[in-house]
Amino acid sequence: MIKEEIKRRLEKNIKDWVVKNPKRIYFTIESKDLKETVKLFYQKMKLRLSTVTGIDNLTNFELIYHFSCDKTGELFNLRVFLSDRDKPEIDSLCDIFESSNWVEREIHEMLGIKFKGHPNLTHLLLDDTWPKNKYPLRKDYSNE
Amino acid sequence: MSERRVIPIGPYHPLQEEPEFFKLIVEGERVVDLEIEIGYNHRGIEKLAEAKHWDQVPFAVERICGICSTSHPFAYCLAVEDLLGITVPERAHYIRMIIDELQRLHSHLLWLGLAGHFIGYNTIWMWAWKAREPVLDLFELITGNRQHYAMMKIGGVRRDIKDENYPAIKKMVKELYPTLKMFAKAVNDDPIIQKRTKDVGILSKEQAISFGVLGPIARASGWDIDVRRDDSYALYDTVKWSVIVQKEGDIYAKILVRVLEMFESCSIIEQCLNKIPKGDIETEVRDIPAGEGIGRVEAPRGECFHYIRSDGTNRPIRHKIRAPSLMNVPSNLVTVPGYTISDAAITLAAVDPCYCCTERSAAFLKTGKKILTGEELVKLSQEKTEQLKKEYDKK
């Protein structure tokens with residue numbers, strides 16, 4: 001089973017393994033292990049990146065990488081916390097697959113998280129004249 | 001080698017119903033590169049949802065798209081139900097499925113019409129949209145609206161389908177079959193459609209997987225994914241239907257997948273009507289506790305993804321929405337270059353980017369007083385057609 005395989009292969013890296021229901025599995029890893037884990041998911045286990053959710057928790061940033069296993073219908077939700085609020089950074093996944101390109105650009109402009117190694121980290125949805133260092137999905141954002 | 005030139009399409013262009021900007025870089029007739037710029041239609045609905053009550057969000061997300069309008073509230077409701085760990089009554093499941101499949105029918109017919117229009121085959125456009133009209137009429141009968149049905153609710157559905165409406169649904173589906181067969185035959189037989197769409201805009205399976213494309217685009221490239229089967233929601237696992245997959249990855253395969261899918265949708269609707277039990281249509285939900293949930297729905301364009309997080313208050317603190325077009329549109333970067341400019345229009349349209357078209361409108365003064373009714377607008381439009389006809393006859 002794919003659940004057991006992930007648990008076995010990533011035993012050392014995984015924290016807070018939660019099976020909310022048989023189709024929704026959540027767990028946390030360190031940001032330095034992200035790329036290796038994603039390579040394993042995509043290349044070896046043939047999981048598909050559904051999307052990435054970025055959340056501002058006020059004390060830190062949280063990214064949830066949603067990986068879908070289309071054979072079993074399970075959704076593996078890989079949580080990464082970025083504790084440096086002033087300079088949030090994480091590795092880009094663009095050299096592994098194309099699907100993260102626009103997703104990362106959106107998170108970058110909405111939450112101000114930098115994706116290291118992204119080929120074109122420019123605005124996707126917001127206008128180019130949008131003021132710098134103003135990120136609309138941060139909780140401390142104000143309209144003034 | 002001829003000189004490189006740039007052909008801008010958009011942000012506002014007669015071929016496009018919605019603003020988006022494509023920069024075609026061409027050498028002579030051949031497209032060698034493509035740049036895509038979006039964001040002209042950004043409305044910040046994720047941010048907006050954080051300021052709405054749990055029960056108001058379905059109305060907000062329903063307005064993300066005017067075509068697959070029920071997929072978003074459906075996915076949102078599934079996400080909240082996932083958080084709560086509740087199930088909805090069986091009758092509500094079937095009503096949700098009927099609405100979802102009717103929506104797929106009208107969306108695919110709309111796309112088929114547009115595809116015909118883009119290759120300059122306006123007969124298909126007229127036929128497809130004529131066949132789509134009864135589906136919209138049915139929506140009006142069941143829900144009161146042709147678009148934005150407001151049927152989905154956390155814990156069930158907002159409205160029941162009345163017993164006296166069953167015959168109308170059955171009749172519509174029965175009458176649609178021959179039309180669909182005609183489309184299938186036309187696509188298979190017509191040499192012009194084949195010439196324009198075969199071996200054009202090919203997306204290989206490897207590229208499809210790398211771009212993470214969804215829905216009919218993925219299935220036309222031989223990638224067998226469908227959330228309805230893979231992560232079965234509602235009661236899709238209790239009805240008989242099959243996932244349509246083609247290997248070629250060209251425009252023709254994309255047309256074929258959508259046309260054949262419509263037969264499956266008709267079959268699902270018929271089975272639902274036979275199976276639907278009497279009973280409640282919602283499970284009462286009072287409070288939403290802290291937690292998180294994910295809902296996935298196979299929209300006509302592919303997997304529609306909603307993530308919500310609650311802190312126990314009456315609003316979501318985070319609501320992430322990923323519509324299928326966000327994954328599908330970037331695949332144009334590999335499907336458009338290498339072909340001619342005239343193929344670009346149909347290739348760009350083949351991913352079915354979410355075009356929003358509302359067919360009824362009313363003009364309002366600032367005081368809120370209506371100055372033109374729907375009938376008056378139609379009358380105006382007919383008068384203009386008559387006038388143009390007369391001018392043409394004079395010549």
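Just so you know, all these numbers are worked out from the coordinates, no wet-lab data involved. Computed from a prediction, not measured in an experiment: that's the story for all the values here. Cβ coordinates were reconstructed from backbone atoms using ideal geometry, including for glycine residues, and neighbour counts include every protein chain displayed.
By how many degrees, 0 to 90 and rounded to 10, does the Cα axis of helix A:100-111 deviate from the longest principal axis of chain A?
The angle comes out at about 50 degrees.
Top mean-square fluctuation among B:Val157, B:Val245, B:Val32, Gaussian network model of chain B, C-alpha springs under 10 Å?
Among B:Val157, B:Val245, B:Val32, the largest GNM mean-square fluctuation belongs to B:Val32.
Taking θ = phi - 60°, what integer Hz values does the Karplus form 6.51 cos²θ - 1.76 cosθ + 1.60 yield along region B:221-234, in sequence order, with x for Gly and Pro?
Residue by residue, region B:221-234 yields 9, x, 9, 7, 10, 7, 4, 4, 9, 5, 10, 4, 10, 6 Hz.
Which semi-axes, in whole Å and largest first, does the equivalent ellipsoid of chain B have when worked out from the alpha carbon gyration tensor as the square roots of 5 times its eigenvalues? Don't jump to the answer; show the numbers that get you there.
On the way: eigenvalues 234, 134, 112 Å².
Those come to 34, 26, 24 Å.
Count charges around B:Glu282 for me, please; just the other residues with Cβ under 14 Å from its Cβ, Lys/Arg as +1, Asp/Glu as -1.
Residues close to B:Glu282 contribute a combined charge of 0.
With the convex hull built on the Cα atoms of region A:2-85, state its orientation-averaged projected area in nm². Walk me through the numbers on the way to the answer.
On the way: hull surface 21.5 nm².
Mean projected area for region A:2-85: 5.4 nm², to one decimal.
Any chance you could list the semi-axes, whole Å, largest first, of the equivalent ellipsoid that the Cα gyration tensor gives for the protein assembly as shown, using √(5λ)?
Values: eigenvalues 259, 177, 124 Å².
In descending order, the three semi-axes are 36, 30, 25 Å.
How charged is the neighbourhood of A:Ile113? Take every other residue with its Cβ under 13 Å from the Cβ of A:Ile113, and add Lys/Arg as +1 and Asp/Glu as -1. Write out the running numbers ahead of the final one.
Numbers: positive: A:Arg85, A:Lys87, A:Arg105, A:Lys114, A:Lys116, A:Arg138; negative: A:Asp56, A:Glu62, A:Asp84, A:Asp86, A:Glu89, A:Asp91, A:Glu104, A:Glu106, A:Glu109.
My count for the surroundings of A:Ile113 gives -3.
Suppose we look only past 27 Å in the calculated P(r) of chain A. What percent of the Cα-Cα pairs does that tail hold?
Details: 2369 of 10296 pairs.
Here the tail beyond 27 Å accounts for 23 percent of pairs.
Give me a comma-separated list of calculated 3J(HN,Hα) values for region B:153-164, in order, Karplus coefficients 6.51, -1.76, 1.60 applied at θ = phi - 60°, integers in Hz, x for any Gly or Pro.
Along region B:153-164, the couplings run 8, 4, x, x, 10, 7, 9, 8, 8, 6, 4, 6 Hz.
So what is the 222 nm mean residue ellipticity for chain B from helices alone, if each DSSP H run of at least 4 adds -39500 (n - 2.57) and you divide by all residues, rounding to the nearest 500 deg cm²/dmol? Please list the in-between numbers first.
Details: 15 runs with 188 residues, N = 395.
Computed mean residue ellipticity for chain B: -15000 deg cm²/dmol.
Just to be sure I understand: with springs between alpha-carbon atoms less than 10 Å apart, which residue in B:Met151, B:Met172, B:Met182 has the highest mean-square fluctuation in the Gaussian network model of chain B?
Among B:Met151, B:Met172, B:Met182, the largest GNM mean-square fluctuation belongs to B:Met182.
Rg/Rh for region B:1-77 to two decimals, with Rh computed the Kirkwood way over all alpha-carbon pairs. If you can, show how the numbers build up before the last one.
Working: Rg = 18.4 Å, Rh = 15.2 Å.
Rounded to two decimals, Rg over Rh is 1.21.
Only sites in a loop by DSSP and with at most 16 other Cβ atoms within 10 Å count here; which trypsin sites (Lys or Arg not before Pro) in region B:206-256 make the cut?
Working: sites: B:Arg219, B:Arg228, B:Arg229, B:Lys240, B:Lys247, B:Lys254; in loops: B:Lys240, B:Lys247.
Sites meeting the loop and neighbour criteria: B:Lys240, B:Lys247.
Quickly work out the B:Ile86-to-A:Asn143 label distance, labels modelled 7 Å from Cα along the C-beta direction, and quote it in nm with one decimal.
3.3
Given a 10 angstrom Cα cut-off, can you work out which residue in A:Glu11, A:Glu62, A:Glu109 is the most mobile in a GNM of chain A?
Between A:Glu11, A:Glu62, A:Glu109, it is A:Glu11 that shows the largest mean-square fluctuation.
Please tell me which of these pairs span more than 20 angstrom C-alpha to C-alpha: B:Lys162/B:Lys240; A:Lys12/A:Lys39; A:Lys87/A:Lys139? Mind dumping the intermediate values first?
Values: B:Lys162/B:Lys240 24 Å; A:Lys12/A:Lys39 17 Å; A:Lys87/A:Lys139 16 Å.
With Cα atoms farther than 20 Å apart: B:Lys162/B:Lys240.
Just add up the charged neighbours of A:His123: K/R +1, D/E -1, any other residue whose Cβ is under 15 Å from the Cβ of A:His123. Please report the intermediate quantities before stating the final value.
On the way: positive: A:Arg105, A:Lys114, A:Lys132, A:Lys134; negative: A:Glu104, A:Glu106, A:Glu109, A:Asp127, A:Asp128, B:Glu20, B:Glu35, B:Glu37.
So the surrounding residues net to -4.
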